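Chemist: If you scroll down you'll find the structure; I have some questions about it.
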Amino acid sequence: MVHLQKVRTDEAAKLHNLMQFYIYEFSNYLPDIKLEDNGAYKPFDLKKYWTNNQFHAYFIKLADELIGFALIESATVSNPNTIEEYFIIAKYKRNGYGKAIAKKLFTLFPGEWEITQIESNEQAHVFWKGLIHEVSQGNFTEHLKDGVYVQKFNI
């Protein structure tokens with residue numbers, strides 16, 4: 001069964017390793033992403049996920065196998081919940097795992113949500129728009145601004 005596991009501080013290197021695959025895939029949509037001189041992509045600054053209670057890092061696992069991650073910013077008085085980064089490795093896409101985990105995240109962080117996708121990533125747009133339509137029963141808004149789709153809804 002697919003499930004979430006909170007990323008501990010001592011697992012930061014494992015998350016960085018997994019994020020290399022995410023950045024590689026994302027480089028298809030943002031040509032400015034390039035490998036560094038050391039042959040790896042520039043790592044994300046993940047410190048806020050262990051030092052700020054509004055940020056949450058999760059591994060996505062199928063039984064004991066690591067198959068992805070989710071980085072979440074939970075809502076504040078003035079800002080909705082957001083999915084900052086979300087990734088399922090290619091061989092596990094289109095099996096319903098991403099959808100199941102997203103629904104678990106919506107349950108963990110109820111309330112207002114705002115989800116974004118870059119316009120050129122059509123697969124992500126189709127995935128999120130369809131899922132949001134399902135979980136909100138069609139009660140969401142969407143707009144395109146500066147090459148980014150934005151959906152807003154409440155759970």
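Chemist: If I go through region 51-62 residue by residue, how many of them are over 17 Å from the mean Cα position of the chain (by Cα) and within 14 Å of Ala12 (Cβ to Cβ)?
Modeler: Going through region 51-62 one residue at a time, the tally reaches 1.
Chemist: Still on this structure: Any residue that is at positive phi and either exposed (fewer than 15 other Cβ atoms within 10 Å of the Cβ) or in a strand (DSSP E or B) (or both) - is there at least one of those in region 56-66?
Modeler: Among the residues of region 56-66, at least one is at positive phi and either exposed (fewer than 15 other Cβ atoms within 10 Å of the Cβ) or in a strand (DSSP E or B) (or both), which makes the answer yes.
Chemist: Still on this structure, I have one more. Within region 96-149, count every residue that is hydroxyl-bearing (Ser, Thr, Tyr), assigned to a loop (DSSP other than H, G, I, E, B) and loosely packed, with under 14 Cβ neighbours inside 10 Å.
Modeler: Going through region 96-149 one residue at a time, the tally reaches 1.
Chemist: Also, I was wondering about something else. Which members of region 5-48 meet the condition of being in contact with a Lys or Arg (Cβ under 6 Å, 6 or more places away or on another chain) and surrounded by 11 or more Cβ atoms within 10 Å (Cβ to Cβ)?
Modeler: If the condition is that a residue be in contact with a Lys or Arg (Cβ under 6 Å, 6 or more places away or on another chain) and surrounded by 11 or more Cβ atoms within 10 Å (Cβ to Cβ), then Gln5 is the only one that fits.
Chemist: Out of Leu46, Leu4, Leu15, report the one residue that is of a type in the set (A, V, I, L, M), touching a helix residue (DSSP H, G or I) at 6+ places or on another chain (Cβ under 9 Å), assigned to a helix (DSSP H, G or I) and under 26 Å from Leu108 (Cα atoms).
Modeler: It is Leu15.
Chemist: Of the residues that make up region 64-72, is at least one in contact with a His (Cβ under 7 Å, 6 or more places away or on another chain), at pLDDT 95 or above and over 17 Å from Val126 (Cα atoms)?
Modeler: Within region 64-72 (the criterion being in contact with a His (Cβ under 7 Å, 6 or more places away or on another chain), at pLDDT 95 or above and over 17 Å from Val126 (Cα atoms)), the answer is yes, since at least one residue qualifies.
Chemist: Residue pairs, Cβ under 7 Å, 6 or more apart or interchain, first in region 40-67 and over 17 Å from Ala100 (Cα atoms), second basic (Lys, Arg) and surrounded by fewer than 19 Cβ atoms within 10 Å (Cβ to Cβ). List them.
Modeler: Listed pairs, sorted by first residue: Phe55/Lys48.
Chemist: Which condition number does Gln20 fail, the rest of (1) polar (S, T, N, Q); (2) without any contact (Cβ under 8 Å) to a residue 40 or more places away in the chain; (3) closer than 24 Å to Tyr149 by Cβ being met?
Modeler: (3)
Chemist: Would you please name the residue that is farthest from the chain's Cα centre (by Cα), looking only at residues in region 1-42 that are among the basic types (Lys, Arg) and under 20 Å from Ile118 (Cβ atoms)?
Modeler: Lys34
The values are calculated or read from the model by the stated rules, or taken from the named source; none is laboratory data. Because the structure is a prediction, the values reported are computed rather than measured. Using ideal geometry, Cβ is built from the backbone for each residue, glycine included, and neighbour counts are taken over all protein chains shown.
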